[in-house]
Structures are given as C-alpha cells and as structure tokens.
Amino acid sequence: MPTRRDVQTAELVQLSNALSGRVGNSPIHTARWLVYLAGVLCACGNLESEPVAEVFESVTVSAEAVAQQSRIYPSKLTMERGKVSAQPLTVLATQDQSGTVDTWKNYLEFSPGTTDLQATFTFLVPDSVTAAQLQNLTLISNYKGPKRSTQSWSFQIYDVTQSRWVAIGDNQSAAEWSWSTLAFAPVAAAQNFISPTREITLRFSTKTAVDSCDLDYLALSYTSSGASSSSPVPSAIWTPPPGTSWQIQFAGTIDTSLNVQAFDLDLFGTTKETINSIHARGSKVICYFSGGSSESYRPDFSSFPKSVLGTTLGGYADERWLDVRQLAILGPIMTARMDQAVQKGCDAVDVDNMDVYTNDPGFPITYAQQLTYNKFIAAEAHKRGLAVGLKNDLLQIKDLVEVYDFAINESCLSYSECYYMQPFIDRKKAVFAISYTGSQSSVCSKVSGLNFDMLLKNESLDAYRVSCR
Ligand SMILES: [Ca+2]
C-alpha cells in the first residue's frame with residue numbers, strides 16, 4: 001500500500017534496516033484491511049436492486065439546441081427481462097421514423113415478458129474526451145408507444161461514483177403511438193457516469209406488461225470543454241508550493257475538518273462525498289494509488305495479467321512488483337485509475353512504488369525503462385488536469401523534477417537522503433515528507449532549514465499527525 005520508502009539498492013536497504021532496526025517495508029496492514037473492506041462493500045451494490053436516487057422531470061429541448069453537440073450511440077444492448085426485436089443496434093443511430101408510419105428494419109421493438117422489461121444500453125465515450133471535459137450530457141430518443149398514463153417507459157443512468165441509478169425521465173412527453181422525440185434535461189455532474197473503461201450505462205425499463213414500444217433513435221449528446229485529452233492543460237493543474245499544509249490519512253475515519261490545505265487519501269478507499277466535503281472547505285485532495293505494484297485486494301486487480309506480476313514486496317503475498325516495461329498492458333490500467341481520480345474530483349495523484357528498477361522485482365528493468373514509465377504516468381496525469389507527485393524514487397529526481405509537480409517522501413531523515421529532494425524546493429514545488437520515528441523536536445529541528453512540509457505520522461497512517469510547521 002502506501003508509503004514504501006525509496007531505496008537505492010536492495011542491499012542498502014538491508015544494511016540500513018539492520019543498522020536502524022527498522023522493520024520491513026510497509027506500514028499499515030490496518031489500512032489495507034479497511035480499504036479492502038470498503039472495496040467489498042462498494043462491490044456489493046446490486047445494479048438491479050439499487051433505488052433510484054433522483055428524478056428529473058423530462059423536458060422538451062429543441063433539436064437546434066443540441067445540434068452542435070457530439071453524439072454517441074449504444075454499442076451494446078443487454079436484455080435483463082423482456083425481449084427486443086432482431087434488428088441490429090445500429091438502427092438506433094439514425095432518426096428516420098416520424099408520424100405513425102413504421103419501417104420495421106429501422107427501429108427496435110421492445111416487448112415486456114410476463115411482468116415487465118429491463119434493458120441496459122452501453123455507450124462508449126471517445127478517448128479524445130476526458131471525464132472532466134464531458135458536459136451537458138443529454139439523452140435523446142425517438143419513441144413510439146403508449147402514453148405514460150397508459151404505461152410508463154423510463155430511462156435511468158448509472159452513477160459509477162455513487163453506485164446507483166439516477167432517473168433521467170420517461171415517456172411523459174410522448175403522444176400515444178406516434179413517433180415522438182424525447183429529450184431530457186442534461187444530467188448533472190456528467191463525469192460521474194463514466195466508468196473507468198469509459199462506458200456510460202443506460203437502463204430502459206417498464207414495470208408492467210401492458211404493451212410494447214418502439215425506439216427508432218437513441219443517443220447521448222454532450223459538449224466537451226477545454227483541450228482534448230491529447231493536449232496538456234497546464235494552467236488547470238495545481239502545483240503546491242513549499243509551505244502547503246497537509247495531512248496524509250489512509251486508516252480510520254477521515255477528519256475532513258482538519259485545517260490543512262491538502263489531504264493525501266487512498267484513491268479506492270475514498271468516496272466522492274469525502275472529497276467534495278474537503279473541496280467545500282477550499283482544500284485540495286491528492287489521491288494515492290500504487291503505480292509500480294499490484295495489490296490483490298484492489299477492485300481492478302483482475303486487469304493485471306500474470307505476465308506483468310513480479311516478486312512480492314517485502315514478502316507480502318498480496319502485493320507484487322509490476323513489469324513497468326510492459327506499458328501497453330499497464331498503461332490502460334493506470335490511466336483508468338487516473339480517470340477514476342478525475343471522476344472522484346481528485347486534484348492530484350500520489351503514485352507509489354515508482355522505483356521498481358531498484359527493487360529486484362523479478363524483471364531486468366533499467367533506469368531508462370523506469371524513467372519512460374514514470375514520465376508516462378506524469379504525462380497522463382497532466383492530460384487529465386491532475387497534478388502528480390513523485391513518491392520517493394530519489395535517484396531519478398534529477399530527470400523527473402520538471403515533469404512532477406511535487407514530491408512525497410518517507411523517512412528521508414532516517415537514511416540521510418533528504419538532500420536528494422532539494423531540486424523540488426529550488427523550483428518552488430512542495431516536498432511533503434513523513435517521518436515515522438523520532439520526536440517532534442528532533443525531527444523538526446533537522447528539517448528546519450530544508451523548507452520541507454514534514455509530518456510525524458504513525459506507520460498506520462491514521463489520523464495522528466504532528467506538523468513541523
Ligand atoms: Ca432508426
């Protein structure tokens with residue numbers, strides 16, 4: 001998990017540990033279990049039984065109002081209950097039915113089973129649009145079927161950050177068995193509806209078996225703001241200067257009322273609500289995940305093929321080094337994590353274990369290959385408007401200080417390594433440092449001239465915190 005100190009060589013660590021009496025690598029097994037438990041609880045959400053959170057009244061929007069927006073069409077349809085006619089899904093990408101005339105090959109007919117119907121459409125958001133840029137997400141459909149007073153056919157959209165369905169609207173504005181264009185109010189917080197695999201999931205359902213209905217057209221319209229994902233947006237990126245007060249907490253209930261300018265929290269274990277409450281106080285959130293190791297208790301662990309898994313870290317069977325040479329495999333996994341960070345509202349990412357090449361990972365990784373990976377991570381974070389912190393990896397600071405926005409370090413005092421991070425301070429970039437040992441007076445006096453933002457923390461990274469300034 002968090003905070004594994006950097007090493008120059010495995011031998012040096014062994015020597016240092018022998019000299020210092022330090023135990024092993026990671027703090028926190030408590031935090032791991034809390035995070036794991038949170039993940040299990042989140043995963044328990046049953047899509048079909050989740051209550052619908054909010055209801056937006058359907059409204060009529062003129063075609064001109066959305067004509068300039070991009071539109072995407074369903075790429076997949078799954079029938080949970082009821083039946084659909086056999087025409088290809090692509091018929092929904094063209095609106096070609098009107099009045100009361102039907103051309104069978106150009107629309108889909110939905111028929112409830114004995115009790116009801118439930119269908120799920122999947123839309124894929126283009127790679128060129130980041131979650132943060134997605135705005136005015138609006139559903140548009142051409143519907144023919146019963147009036148709502150006879151039978152309600154409704155649309156819901158799945159909020160991946162809240163694990164719940166949100167109502168978009170229904171056939172309220174439709175005429176009885178006459179083609180009717182349904183347009184709905186834009187979905188609030190559109191970025192919450194994109195999954196890490198860039199999917200948006202829409203449910204179409206009716207609760208009775210009164211009648212069937214037809215869909216000629218089904219689209220999600222959106223506007224994308226700002227630069228495309230292939231262009232950096234440096235002006236939007238937070239760059240904390242030295243003197244930024246902070247907290248790092250991975251275990252226990254997060255005290256969001258703490259009066260600090262930034263919180264470093266676990267990406268997977270932290271909810272959007274927590275992040276929202278921190279933002280409401282004007283503070284920033286750094287979201288932690290491991291970029292150089294797999295953790296078997298993470299929800300995306302199955303994304304890692306065996307070919308990228310190396311030796312275990314510090315003997316913990318649930319965490320293994322990653323073969324960072326295999327960027328084609330690891331890249332999409334890591335960028336999906338960053339997309340999740342964007343969706344949750346993180347301002348920055350704290351990407352751990354970025355020094356695989358020094359750790360006998362089971363792969364022959366060179367300095368240059370590690371550097372390529374670490375630069376990739378920084379670039380992808382910046383594409384998404386996220387700041388990125390360099391965790392430990394002291395020997396590569398000279399090559400990375402320009403592309404990372406701040407540094408996070410553990411135990412540099414214990415190893416007399418703090419001087420490695422001076423290049424960040426020289427560029428007015430914060431060095432967030434942690435000491436797990438020593439008294440406040442001894443630790444703080446040693447860093448008083450370094451301009452670091454040093455905390456004394458328990459290895460569990462619970463709420464306990466003493467700041468040197
Ligand atoms: Ca059609």
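Just a few scattered comments:
- Distance-filtered residues of the range 436-453 - backbone nitrogen under 19 Å, label point 7 angstrom along Asp426 Cα→Cβ: 449-453
- Counting only aspartates and glutamates at least 8 places from Lys398 when in the same chain, those with an alpha carbon closer than 13 Å to its own are Asp426.
- For Asp255 and Ser442, a Förster radius of 22 Å and the Cβ-Cβ distance give a FRET efficiency of 0.25, rounded to the nearest 0.05.
- Global geometry of the range 351-433, whether rounded, prolate or oblate, following the gyration tensor of its Cα atoms and the 1.5 cut on a/c: oblate
- Set of lysines near Lys105 by C-alpha distance (under 21 Å), chain-local residues within fewer than 8 positions excluded: Lys76, Lys83, Lys144
- Pairwise FRET efficiency - Ser307 versus Ala175, Cβ, R0 = 51 Å, nearest 0.05: 0.35
- For the range 381-443 versus the range 129-192, the gap between their alpha-carbon centres in whole angstrom: 47
- Restricting the chymotrypsin sites (Phe, Trp or Tyr not before Pro) of the range 156-189 to loop positions (DSSP other than H, G, I, E, B) with no more than 16 neighbouring Cβ atoms within 10 Å leaves Trp177.
- Residues listed by number, the range 260-280, amide nitrogen under 11 Å from Trp238 label point at 7 Å toward C-beta: 261-265, 275-276, 278-280
- Environment charge at Pro361 (Cβ cut-off 12 Å; Lys +1, Arg +1, Asp -1, Glu -1): -2
- Gained length - Ser75 relative to Ser128, 0.36 nm times residue gap less alpha-carbon distance: 17.4 nm
Throughout, read-outs are computed from the coordinates displayed, never taken from laboratory work. The structure displayed is predicted, hence computed values, not measured ones. No Cβ is skipped: glycine too gets one built from the backbone with ideal geometry, and neighbour counts run over all protein chains shown.
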